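S.K.: One structure is given below, represented as structure tokens, and several questions about it will come after.
Every number here is computed from the coordinates shown, using simple stated rules; none is lab data. Note that the coordinates shown come from a computational prediction; the quantities given were computed from them, not determined experimentally. Here the Cβ positions follow ideal geometry from the backbone for every residue, glycine too, while neighbour counts run over all protein chains shown.
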Amino acid sequence: MQQALVRTQRVTAAMVASRAGVSTATVSLVANGKTQGRVSEENISRVRQAIAELGYVVDGIGSSLAKGVSSIVILVAPDISNPFFAKVIAGVRESLGSDYQLLLSVTDAGEFPRADDVRKLLALRPAGLLVDAPNAAFLEELSVAGPLVLLDAPGLETYAPSVNLDVAHGARELAAHLAASGHKRAAYVDSVTGTATFEVRRAAFLDEASARGISVADAHITSTTIDVGAAAAAFAAAWPEWQQAGVTAVVCGTDTHAYGVLQEARVAGVRIPEELAVAGFDDLPYSATSNPSLTSVHLPATALGLKAGEQLRGIMEGRVLEPAQLTLESSLVVRGSTA
């Protein structure tokens, strides 16, 4: 009965000390791996046994308050529904290793993080902060004083060290590819998130398309959340008018949008690419095996997370960043949906 009572309440260092017959200071030294030359092997063994029996866990928040900083790194990302972020997160985790714990601060689909929500997390005394695809208003309101690195934040390099993607290059390559394939009228399916990276890829594509003789009317631009079903519904509603207007290509702000267009095009009996070319951005793994395989602008998501994590780790560990701003190249991968 007594053992069950111990298991259901919060185990403290004092309880471990009492069980092991040592001081709480000794428990702290053992729990934090600082025993060399300070605690005997016998006492180390007794404390470890007591920790195992009682299920003691070090109070990380308390330690953070004592040290002024924790080992937590916070990644703030908009619209985590985008599968692109799984690769970004993998890259960040690889760069941080086991020395830091990654905490995600995410929003609902189509919404951008709020500075007030992120500030609440700063009470955890994070070692550093990564912010993916922010806008200037968010960064100004957040006003972080600690280590900060931005990801995919074109035009915001003055706020903090950053790792960006040259999405404009891939967008221009895509416009050139469609023009070379003979397309004259196109449509664009965008994200409603409203972050700078989507603005850049859309603007770069539209500018290059216009220069190469492809028209994209305002009525042929629509926006949805990064969701296959939402994109499919938007395409289904728009396609009759687009088809009548002579649209022969649809470019999507993400591969996820493009999957929805491909899905609905099959339902409508539209032959791809004979009647309609479809392309996206991100080059997600499924794009190589979809039916047909999807032409996409490759964006190195894993490298983005890896480099950003390395930049942040350098700041947290007191190293000077050279250079403080990095740009990763994008490239067009042509597949069956436009070929």
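S.K.: Could I have the simple spin-label model distance between Gln36 and Ala324, label points 7 Å from Cα toward Cβ, reported in nm to one decimal?
M.R.: 3.6 nm
S.K.: Could the peptides 291-303, 248-260 be put in order, highest first, of the mean number of other beta-carbon atoms found within 10 Å of their residues?
M.R.: Taking the mean over residues of other Cβ atoms within 10 Å, the ranking is 248-260, 291-303.
S.K.: Fully extended, how many nm does the chain gain between Gln49 and Glu140 (0.36 nm per residue separation, minus their Cα-Cα distance)?
M.R.: So the extension gain works out to 27.8 nm.
S.K.: Write down the Å³ per residue value for the convex hull defined by the alpha carbon atoms of the chain.
M.R.: In the chain, the Cα convex hull volume per residue is 171 Å³.
S.K.: Arrange the peptides 210-223, 189-202 so that the one whose residues have, on average, the most other Cβ atoms within 10 Å appears first.
M.R.: Order by mean packing, descending: 189-202, 210-223.
S.K.: Also, I was wondering about something else. For the pair Ser210 and Ala245, how long in nm is the line joining their label points, each one 7 Å along Cα→Cβ?
M.R.: 1.5 nm
S.K.: Here's something else I'd like to know. Can you list residues from other chains, or at least 5 along the same chain, whose modelled amide H is less than 5 Å from the amide H of Asn164?
M.R.: Placed amide hydrogens put Asp152, Leu326, Thr327, Leu328 under 5 Å from Asn164.
S.K.: Under 5 Å between amide hydrogens, which residues at least 5 positions from Leu299 or on another chain qualify, with H placed 1.01 Å from N in the peptide plane?
M.R.: Amide H neighbours of Leu299, under 5 Å, 5+ apart: Asp282, Asp283.
S.K.: Here is a follow-up. If I fit a long axis through the Cα atoms of helix 167-180 and take the longest principal axis of the Cα atoms of the chain, what angle between them do I get, 0 to 90°, rounded to 10?
M.R.: 20 degrees
S.K.: Something else: Among Thr195, Pro161, His183, which residue has its Cα positioned farthest towards the positive end of the charge dipole of segment 161-219, with +1 placed on the Cβ of Lys and Arg, -1 on the Cβ of Asp and Glu, and the dipole taken about the Cα centre?
M.R.: Of Thr195, Pro161, His183, it is His183.
S.K.: Which cross-chain or sequence-distant (5 or more) residues have an amide H under 5 Å from the amide H of Ile72, H modelled 1.01 Å from N in plane?
M.R.: For Ile72, the qualifying residues are Gln101, Ala127.
S.K.: When only C-alpha pairs under 8 Å and at least 6 residues apart count, what is the relative contact order of the chain, in percent?
M.R.: Rounded, it is 18 percent for the chain.
S.K.: With angles folded into 0 to 90 degrees, how steeply does helix 255-267 sit against the dominant principal axis of the chain? Use alpha carbons for both and round to 10.
M.R.: 50 degrees
S.K.: Normalised by the number of residues in segment 167-300, what is the relative contact order in percent for Cα pairs under 8 Å and 6+ residues apart?
M.R.: 25 percent
S.K.: Lysine pairs in the chain with Cα distance under 27 Å, only those 8 or more apart or on different chains: how many are there?
M.R.: Lysine pairs meeting the criterion: 5.
S.K.: In addition: Give the calculated FRET efficiency between Thr12 and Ala203 to the nearest 0.05, with a Förster radius of 56 Å applied to their Cβ-Cβ distance.
M.R.: 0.45
S.K.: Using the Karplus equation 6.51 cos²θ - 1.76 cosθ + 1.60 (θ = phi - 60°), what ³J(HN,Hα) coupling, rounded to whole Hz, does each residue of segment 199-214 give in order, writing x for Gly and Pro?
M.R.: Result, rounded to whole Hz: 5, 5, 5, 5, 4, 5, 5, 4, 5, 5, 4, 4, 5, 9, x, 9.
S.K.: Could you give the nm distance between label points at Asp99 and Val57, where each point is 7 Å from its Cα heading toward the beta carbon?
M.R.: Computed distance between label sites Asp99 and Val57 equals 2.5 nm.
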